[in-house]
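The values are calculated or read from the model by the stated rules, or taken from the named source; none is laboratory data. Fair warning: this is a prediction, and the values are worked out from it, not measured in the lab. A quick note on method: Cβ atoms are made from the backbone with ideal geometry, for glycine too, and the neighbour counts reach across all protein chains shown. Heavy atoms of the whole protein, side chains included, go into the accessibility calculation; ligands, DNA and RNA do not. Shrake-Rupley method; radii C 1.70, N 1.55, O 1.52, S 1.80 Å.
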Amino acid sequence: MPGSLRRQLASKVPVSQFTHHHVAVFLLTFFSYSLLHASRKTFSNVKVSISSQWTPSCLNDTTLELQPYELWNSSHLFPDTGEATLFLGTLDTIFLFSYAVGLFVSGIVGDRLNMRWVLSFGMCSSALVVFVFGTVSEWLHLYNKWFYCCLWIVNGLLQSTGWPCVVAVMGNWFGKAGRGFVFGLWSACASVGNILGAFLASSVLQYGYEYAFLVTASVQFAGGVIVFFGLVTSPKEVGESKQLTCPSWFLSWQVTLSVLYCC
């Protein structure tokens with residue numbers, strides 16, 4: 001494409017329609033869903049530590065055998081790491097099933113209530129559940145399989161509030177002509193969340209897996225508070241009637257972004 005033509009097309013980009021509200025909505029929805037993914041990634045990263053904590057210490061050759069045996073191993077859930085790993089896989093299944101059901105319910109709830117309330121409630125409540133699951137239970141030595149299962153079911157339902165709300169809010173602000181380009185950038189939020197979750201968990205895992213849950217839950221709760229006070233779900237809330245639109249040549253970038261994302 002000739003340079004003069006490229007400059008002419010670029011000059012037609014409706015920069016005047018790109019307000020600070022669009023930037024705020026993009027960033028808030030991006031990082032809110034990233035934080036939800038970060039908490040899921042934390043659970044995946046600390047499974048080995050959890051499995052070690054839930055099994056008797058005598059199975060680990062690198063640790064001293066403490067006596068009396070009944071006192072130091074009575075609180076463990078499983079006799080060996082194999083059963084602990086199987087239960088952790090069951091928790092993953094429970095979470096995914098409740099998350100799938102919750103997506104349908106959250107979409108209906110989001111259509112009837114303010115999506116800012118639903119999203120912030122889901123983030124803050126999920127953070128509290130993660131905190132109880134990974135931190136409080138370890139501090140209090142509360143090891144119970146049914147307790148863990150119930151918490152993870154609730155966590156799946158609460159986390160499901162994220163995706164329908166952030167997608168709906170993004171759709172309210174960005175018009176059809178620009179959604180390919182904008183959502184191509186925005187779709188990296190899940191990958192960023194996985195990276196963030198791995199970083200937060202690994203940075204404090206040496207102190208115990210409960211602190212990995214503590215840090216992740218704290219960051220997610222703070223994000224939920226910011227969303228509650230800062231997210232504008234629709235242009236109508238600030239007196240804007242137009243969505244952001246982009247010229248059609250922007251859509252060609254969607255192919256490039258898709259290829260890069262697959263790599």
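What the table shows:
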item	result
Pick from segment 171-185, criterion hydrophobic (A, V, I, L, M, F, W, C) and crowded, with 19+ Cβ neighbours inside 10 Å, ranking: nearest to the chain's Cα centre (by Cα)	182
Checking residue 191 against (1) hydroxyl-bearing (Ser, Thr, Tyr); (2) open to solvent by 30 Å² or more (accessible area, probe 1.4 Å); (3) under 24 Å from residue 128 (Cβ atoms), the condition it does not meet	(3)
Residue within segment 204-218 that is open to solvent by 60 Å² or more (accessible area, probe 1.4 Å), within 21 Å of residue 30 (Cα to Cα), part of a helix (DSSP H, G or I) and modelled with pLDDT of 95 or more present	yes
Enumeration of residues in segment 143-152 that are in a helix (DSSP H, G or I) and touching a residue at least 12 places away in the same chain (Cβ under 8 Å)	145, 148, 149, 151, 152
Close pairs (6 angstrom Cβ cut-off, 6 or more residues apart or separate chains): more than 17 Å from residue 169 (Cβ to Cβ) and open to solvent by less than 10 Å² (accessible area, probe 1.4 Å) in segment 118-142, among the aliphatic types (A, V, I, L, M) and part of a helix (DSSP H, G or I) anywhere	126/158; 127/217; 130/217; 133/151; 135/214
